[in-house]
Amino acid sequence: MINKDVVFQRHIKYSEPESRGIYAQGAKYWVKVTDEIEEPGRGCVHCGTCVEACTHNLTDPSSATGVFSMEEICYDADGNRVSPEDTDGIRILEKILWINPDECCNCKRCVKMCPQRAIKVYENPDYHDIGVTLTGHEEINNIISRAAGKSTVSSAHMGRGKSKLYTDWLIDAAEILSPTRDHMNEYAGQMRGMTLGKRTARFRCDVPIMDVHQSYGSNSHEAVLARMMACIKLGRPFFTGEGYIHPDMMPAAGHCILQFGSGGFGPWVELDKFAGFSMKYGQDAKKGKGGRLQDKKNDYEIALLRCVEALRHLSSPNPQHLQYSIEELPMRVESLRALLGDDKLIGADVYGTAWNFPEICVAIAKAGFDYITVKAGDGSTGAAHLVDLQNRGLNIVYLTHKADLALRQEGLREHVSIIAEGGVMDSFGAMLAMLAGADFVGLGMRTLHVLGCTLCQRCHTGQCAWGITSRKYGHRIDPVTASDGIVKMIKSFHEDMEGMAAGLGMSNHADVIGARRFRYHGSDPLLFETFGKGEFPKQVPHVSVKERTKKIFKTREAVFAENSEQFDKILKNIDGDSLKIDVGFDQIESMHLNHLMKEASDRGVRKFYLDNVMGQRTIGTGVKCDEITVRGLVGNHAFAFVRDVKINVIPNHSTITCVPANAQVGVANTSNPSEINIAGDVSDLFAAYAISGTFRVAKSGGVRNLLLMKAGLPEDWKNIDVDRYQGAERNEILSELTRRYQKRRARRERSTWADFLKSFEQKLHNRKPPVAVYGLGHEKGMGDYFMEYAQGGIGIVLNIVNREMPIGYYVCSGMTAGAAYIRGNVADEQLGVGVRRIEYLTLADTEFLRHHIDGFLNAFSGVDIDEEYNASLKEFRQQYETNPERVFSGFCKIIPISSLAAESNE
Amino acid sequence: MIIKKDEYSRSRELSINDFSGGELGLPKGACGLLAVAGDFKLSALLKAARCLQYRGRTGAGVTLKSLYKDSGFYNFHIMFRSAGKISELEQVLAAEGLRILEKRDMVQRKYYYEYDLPVIMHYSIIPPSPEEMMFREKISDEGRYIATIVSRFNKQYIDDARIFSSSKNNGTFLTAFELQDTIDIYDLPQYEDRFYDACLIHLRWPTSQGRGLWWGPQPISLGEVAGVHNGHLSSDMANARALEQLNIMLTVGTDSEGIFLAVSYLLRQGYTLEEIEWIICRKFPQELKGMTEEKRERYNELMSDPILFRMKMSGPATAITLVDDVLVGFTDRDHLRSFSVGVNDKIALLGSEQRAVISAAYFMHEELKMFDPEAGRIVGFTVKNKTVESLDYGWKKNDK
């Protein structure tokens, strides 16, 4: 309690510059706080709102304050300093508002929160007014930053020059030759009730404007929830980004389209609950590169969602490893279709390449995707290198037109929806993209403005003061009211667009798509050539209609109808809960086998025995069962996404040609099996993205085995039950989302953010990491890039054949968590980037190995693989049983050099 | 894009775009592969290759080695975009000194009604005398002379015709459709009981229509060289420059062709298989440490040659190349494509998937030793009169 006789003294002071000299770049923005003398009645009252509002502090990220801090000094009547506790002695209280403009990024949170309107933030001329037109402050400061060794990561737009959508376009209106229409009072201009997806899989949309993929983790919980609730309210799908979604949000799964980024983060369970999958192949804002989440943003809760270890950098690799080129797209779609069925959407997110974009669109359509998201230039991102942000891509209207034309020529335009995004700023830009041929447009940045985004370009720092890209400050957003704001903004744009469509005399969505009723009259030669001239043909001269009849587009129902006789015969063999299917080498093709297994599973089969298999793909994917035994060779992408199933693959010695129990490329990817035992070799990318389970391979693996292996499936995901929200009313879902959020918020309010996060730690420890054990064969050793980018999980190479060089190069390269145990020599130069080798094992290590060696020997000792291998296994067993210590002493352990100590990217 | 009204023809003739890619450029290849050398039955191989069909639908080709070995002439398979071009282009061949002994239609008439086909003809060709070859092109070697002329012809008349098989021994059969279509259109079963001792099969993934439909299918064959590749190289420009500076010109223009021509160049220059592996697949820099001093020196010597240095293949690739009697296969060092080999004393099977190799063995009733070569490792075989022999790393071709 402060005595009422206390005199207040108020000061506003600026902190000393952090450094002086060439590298002192100083404040980019100047923060001016007005005092009472300067503007009586509007001066700073030292209320401290700005201190609380500002979160930006790059120099000292752990600091409790940002640009502003408040200092209070107490004096007695004689002017001597006294302790603040000495309430009786205090006569003078000096309040100093310290301002450190160097940290300011112009997010304007302080300005908007200040009750006195006393704060002004503006460009600091000392920073901006340097150089000449050609080489201005941006270039000079860029050079100084690089020379000082600063990070080149930034976020959002680069904002270099205006967007090409900004000027020089004219959307037409009908006049005299045809009448305009009235969208307010008549059936005109209406863009409602469209579907995303044009074949069996469709999502009904009430607005033509979509949200874009932004991941949980890059966005705060509240920002994601606000956007998700807005999507549900608006009647459009919610795109999750590659960070999966929070279990609290699972009631909305039926409205969500999961993105499979190149990192493959997530538990990948309950996938039939979602509306579909989006494969992320590219993004204009970071061309050719994968996403990156910094260690500090990968907190305990994020690690649970993404099924990785916490507090390590998370890098999504640049390529999508399960498909290296367009020929592998159909295989991927086949696998996803097997997983999701015919009525779930499968989309592809691509950026507009410079020259072969039409080819890419056609390849995507031919591969069986339901929609293409064109990510054009001017799109933004939560983190990318400056050079990629500056490397602006092609214009969205141009790319949309190219995609539309290419698909029309191929006869596939009405098979595939196009979503155009990247640089759509408003209803005008949205309308242009649709008139150029897009079915839908995406607005990402605009949605964030509603939550407070002022484009301060600090998304990547995790310090967003508005709580959009910072999880810690997420509670500054109220998801329910924020979602209402987004809904109003989109509806306003939607109304604009309907008005423009009516002005063109159009009555519905179909009239607008690709109608080309606009003109470019600017100076860009490419755009002028394409859209500046009056004449263009209404139709392409030739369309290959045949393409549509390809079997890749056939539904399960159609396949059953066509092969009912053969299928019925096979299904007649169901014996209780088991079924034996004789594949007859080439008698049943991959998808047919998959459909058969699903049908059998629907009829109660839990155990499958597949005989005479010869490379059939997608075995087991999307099939709910307990056990699968395969005799023969397993084809590409088999056992992908399987869950809680025990799988055995054994060799087939029944014909002259022995069919080995090998597995081809990408087998068991993204899976959660109880165990998979393969009595042979596996090829590349075995168990890539695997989340949990035990994987045993008798012989060797190809290149990139256990790529991006995860750290185990948390209990939360194992027991999730959201069945009752499937097909539920929007309001029911929204109120459940709100209820769950309130619960979370209450829990959070009771503790600090750090403690709140800490409460998830035990759940992380309770996970059981996936383990893969390889025996190695005589044919070849383990391939290169073993456990590349692994984010948890354990790989064991037993080397039972005692190869001198058991493994290839780049071992565990880019691994951020997990470990590999390798028996035999691994030279330094074989190690990948960011890992080190430990030559001794602890007691816990040997216990762990003992358990898994026992499991390995149990799994394969009874299997006749081939003479040479059988003998080696026997020998290894003898050695292990007589002298286990000798076996253990041959192992080394490879672990990541702690990424906690890694240099931050700030 | 403004489409010119006359680009698409209403007759049965192919448009320039459909045939050559026109001004839009040339297609990239990416596909399923299967090759065999030794004593085998074509029908079993074709049956096995069908399991790769899912990897490619717009283009399927077959090369049969030694099919024409007794004919004594060069056997040209030429596709003409329209019948109207045939006589004019035959004159072009004559003007290059090639004598057409005999010609016949390779495709039954009914298929021209069923498919959008170019006119496909077989020609028996006799090259000029050694003196005349010297006079015309300063080339004394028959094979080189033919390759030069074919290469020039294919580049010059890209809009109207393509010589897609120009070997003295081998026959290549291509369509822009599926494998079964290629089998039907060329009536491949007619060759079932003829002599052949190696075969390459390729199934091509469709890229956009109109981008050189007929210039995409593989095997790509020039003289006694034929090859199949899947993947899409990012080193295509570097590879093309290396060949350009050796005056070896691409005739089809795809990334794949560069590999085959590089392999044939290197083999004929007498580089060992290991050296070819080094040049094309390359080693990780870390691997040099494990090499013997002698090998490392040789490696560094080869890498210091600026032309050889540009022959590295980057990006996804499994490639199988047939040069005279030698069949070699390899993947890129990063192993972005799979590659399987099966051998016994009768045959060697090379394929882009284990499934294809084992299927072929199964249909041939053969027991094989099967393995996936390690990333970036070359495998080589010679095949003569149905006898196949595995080549070791140090083997080099000696034509002299």
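Condition first: more than 14 Å from every other protein chain (Cβ to nearest Cβ) and touching a Lys or Arg at 6+ places or on another chain (Cβ under 8 Å). Now tell me which residues in the stretch A:644-664 satisfy that.
Answer for the stretch A:644-664, where residues must be more than 14 Å from every other protein chain (Cβ to nearest Cβ) and touching a Lys or Arg at 6+ places or on another chain (Cβ under 8 Å): just A:I650.
Collect the residues in the stretch A:263-290 that are open to solvent by 10 Å² or more (accessible area, probe 1.4 Å) and closer than 21 Å to A:L706 by Cβ, keeping them in residue-number order.
Listed by number, the list holds a single entry, A:G290.
If you go through the stretch A:624-642 one residue at a time, how many are touching a residue at least 60 places away in the same chain (Cβ under 8 Å) and in contact with a Ser or Thr (Cβ under 7 Å, 6 or more places away or on another chain)?
Number satisfying all stated conditions: 3.
Starting from the stretch A:452-473, take each residue that is not assigned by TED's automatic domain parsing to the domain that holds A:G66 and list its partners that are among the basic types (K, R), counting only C-beta distances under 7 angstrom and pairs at least six apart or across chains.
So the pair list comes out as A:T454/A:K108; A:G462/A:K296; A:G462/A:K297; A:C464/A:R458; A:A465/A:R109; A:W466/A:R109; A:W466/A:R476; A:G467/A:R476.
Considering only the stretch B:318-400, give the strands (runs of 3 or more DSSP E) lying wholly within it that have at least 3 residues that are more than 22 Å from the chain's Cα centre (by Cα) and facing chain A (nearest Cβ under 9 Å).
Here the list reads B:369-371.
Restricting attention to the stretch A:727-765, which residues are surrounded by 12 or more Cβ atoms within 10 Å (Cβ to Cβ) and outside any helix (DSSP H, G or I)?
A:A728, A:S751, A:S759, A:F760
Quick one: in the stretch B:236-254, of everything that is modelled with pLDDT of 85 or more and within 14 Å of another protein chain (Cβ to nearest Cβ), which residue is surrounded by the most Cβ atoms within 10 Å (Cβ to Cβ)?
Only one residue fits best here, namely B:D236.
Go through the stretch A:631-643 residue by residue and tally those that are within 10 Å of chain B (Cβ to nearest Cβ) and either touching a strand residue (DSSP E or B) at 6+ places or on another chain (Cβ under 6 Å) or of a type outside the set (S, T, N, Q) (or both).
Our first condition is that a residue be within 10 Å of chain B (Cβ to nearest Cβ); within the stretch A:631-643, this holds for A:632-636.
Of the ones still in play, those that are also either touching a strand residue (DSSP E or B) at 6+ places or on another chain (Cβ under 6 Å) or of a type outside the set (S, T, N, Q) (or both) are A:632-635.
So the answer is 4.
Would you check which residues across the stretch B:275-294 are in a loop (DSSP other than H, G, I, E, B), open to solvent by less than 30 Å² (accessible area, probe 1.4 Å) and more than 14 Å from every other protein chain (Cβ to nearest Cβ) and list them?
Listed by number, the list is empty, since nothing qualifies.
Residues in the stretch A:843-859: is at least one of a type outside the set (D, E, K, R), assigned to a loop (DSSP other than H, G, I, E, B) and outside the structural domain of A:A310 (by TED's automatic domain parsing)? Walk me through how you get there before you give the answer.
If we filter the stretch A:843-859 for residues that are of a type outside the set (D, E, K, R), which is where we start, we get A:843-844, A:846, A:848-849, A:851-853, A:855-859.
From what is left, the residues that are assigned to a loop (DSSP other than H, G, I, E, B) are none.
Taking every residue of the stretch A:843-859 in turn, none turns out to be of a type outside the set (D, E, K, R), assigned to a loop (DSSP other than H, G, I, E, B) and outside the structural domain of A:A310 (by TED's automatic domain parsing).
For the subset of the stretch A:371-413 comprising residues that are within 14 Å of chain B (Cβ to nearest Cβ) and among the hydroxyl-bearing types (S, T, Y), which member is farthest from the chain's Cα centre (by Cα)?
Only one residue fits best here, namely A:Y398.
What number of residues within the stretch A:324-352 satisfy the criterion of being part of a loop (DSSP other than H, G, I, E, B) and either within 12 Å of chain B (Cβ to nearest Cβ) or acidic (D, E) (or both)?
4
List, please: which pairs have Cβ atoms under 6 Å, are six or more places apart or on different chains, and start with a residue in the stretch A:606-623 that is in contact (Cβ under 8 Å) with a residue 40 or more places away in the chain and end with one that is open to solvent by 10 Å² or more (accessible area, probe 1.4 Å) and in a loop (DSSP other than H, G, I, E, B)?
Listed pairs, sorted by first residue: A:T621/A:F641.
B:I185 passes all but one of (1) open to solvent by less than 10 Å² (accessible area, probe 1.4 Å); (2) in contact with a Pro (Cβ under 9 Å, 6 or more places away or on another chain); which number fails?
Condition not satisfied by B:I185: (2).
Quick one: how many residues across the stretch A:787-812 are without any contact (Cβ under 8 Å) to a residue 40 or more places away in the chain, closer than 20 Å to B:K289 by Cα and either of a type in the set (A, V, I, L, M) or open to solvent by less than 10 Å² (accessible area, probe 1.4 Å) (or both)?
3
Does at least one position in the stretch A:506-522 carry a residue that is outside any helix (DSSP H, G or I), within 14 Å of chain B (Cβ to nearest Cβ) and over 30 Å from A:R192 (Cβ atoms)?
no
Checking the condition open to solvent by 70 Å² or more (accessible area, probe 1.4 Å) and either on the phi < 0 side of the Ramachandran plot or within 33 Å of the chain's Cα centre (by Cα) (or both), which residue from A:E627, A:E589 passes?
One residue alone meets the criteria, A:E589.
Out of (1) within 14 Å of chain B (Cβ to nearest Cβ); (2) surrounded by fewer than 23 Cβ atoms within 10 Å (Cβ to Cβ); (3) assigned to a loop (DSSP other than H, G, I, E, B), the odd one out for A:V667 is which?
(2)
Go through (1) of a type in the set (S, T, Y); (2) open to solvent by 10 Å² or more (accessible area, probe 1.4 Å); (3) in contact with a Ser or Thr (Cβ under 8 Å, 6 or more places away or on another chain) one by one and return the number of the condition B:T272 breaks.
Against the list (1) of a type in the set (S, T, Y); (2) open to solvent by 10 Å² or more (accessible area, probe 1.4 Å); (3) in contact with a Ser or Thr (Cβ under 8 Å, 6 or more places away or on another chain), B:T272 comes up short only on (3).
Among the numbered criteria (1) under 28 Å from A:A663 (Cβ atoms); (2) acidic (D, E); (3) part of a helix (DSSP H, G or I), which one does B:E297 miss?
Unmet condition: (1).
From the list A:H221, A:H321, A:H255, A:H246, exactly one residue is more than 14 Å from chain B (Cβ to nearest Cβ) and either free of Cβ contacts under 8 Å to residues at least 24 places away in the same chain or in contact with a Lys or Arg (Cβ under 7 Å, 6 or more places away or on another chain) (or both). Which is it?
A:H221 is the lone residue from the list that is more than 14 Å from chain B (Cβ to nearest Cβ) and either free of Cβ contacts under 8 Å to residues at least 24 places away in the same chain or in contact with a Lys or Arg (Cβ under 7 Å, 6 or more places away or on another chain) (or both).
For the stretch B:126-145, which residues satisfy the criterion of being in a loop (DSSP other than H, G, I, E, B) and acidic (D, E)?
Keep residues of the stretch B:126-145 that are in a loop (DSSP other than H, G, I, E, B), which gives B:127-129, B:138-141.
Listed by number, the list holds a single entry, B:D141.
Residue by residue, here is whether (1) without any contact (Cβ under 8 Å) to a residue 40 or more places away in the chain; (2) of a type in the set (S, T, N, Q); (3) surrounded by fewer than 19 Cβ atoms within 10 Å (Cβ to Cβ); (4) in contact with a strand residue (DSSP E or B) (Cβ under 7 Å, 6 or more places away or on another chain) holds:
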{"site": "B:Y299", "(1), (2), (3), (4)": "yes, no, no, no"}
{"site": "B:L302", "(1), (2), (3), (4)": "yes, no, yes, no"}
{"site": "B:L308", "(1), (2), (3), (4)": "no, no, no, no"}
{"site": "B:P316", "(1), (2), (3), (4)": "no, no, no, no"}
{"site": "B:V326", "(1), (2), (3), (4)": "no, no, no, yes"}
{"site": "B:S340", "(1), (2), (3), (4)": "yes, yes, no, yes"}
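Would a scan of the stretch B:73-83 turn up a residue that is open to solvent by 60 Å² or more (accessible area, probe 1.4 Å) and more than 22 Å from B:R152 (Cβ to Cβ)?
Among the residues of the stretch B:73-83, at least one is open to solvent by 60 Å² or more (accessible area, probe 1.4 Å) and more than 22 Å from B:R152 (Cβ to Cβ), which makes the answer yes.
Here are some residues: B:I320, B:I347. Which one is assigned by TED's automatic domain parsing to the domain that holds B:A240, touching a His at 6+ places or on another chain (Cβ under 9 Å), open to solvent by less than 10 Å² (accessible area, probe 1.4 Å) and modelled with pLDDT of 95 or more?
B:I320
State the number of residues belonging to the stretch B:121-158 that are open to solvent by less than 60 Å² (accessible area, probe 1.4 Å) and either closer than 24 Å to B:G258 by Cβ or in the same structural domain as B:V225 (by TED's automatic domain parsing) (or both).
In the first step, residues of the stretch B:121-158 are kept if they are open to solvent by less than 60 Å² (accessible area, probe 1.4 Å); the result is B:121-129, B:133, B:137, B:139, B:143, B:145-151, B:153-154, B:157-158.
Cutting the leftovers down to either closer than 24 Å to B:G258 by Cβ or in the same structural domain as B:V225 (by TED's automatic domain parsing) (or both) gives us B:137, B:139, B:143, B:145-151, B:153-154, B:157-158.
Summing the residues that are open to solvent by less than 60 Å² (accessible area, probe 1.4 Å) and either closer than 24 Å to B:G258 by Cβ or in the same structural domain as B:V225 (by TED's automatic domain parsing) (or both) in the stretch B:121-158 gives 14.
The values are calculated or read from the model by the stated rules, or taken from the named source; none is laboratory data. This one's a predicted model, so the numbers in the text were calculated from it and none came from an experiment. FYI the Cβ positions are ideal-geometry reconstructions off the backbone, even for glycines, and counts take in every protein chain you see. Protein only, heavy atoms only, side chains kept; ligands, DNA and RNA dropped before computing areas. Shrake-Rupley method; radii C 1.70, N 1.55, O 1.52, S 1.80 Å.
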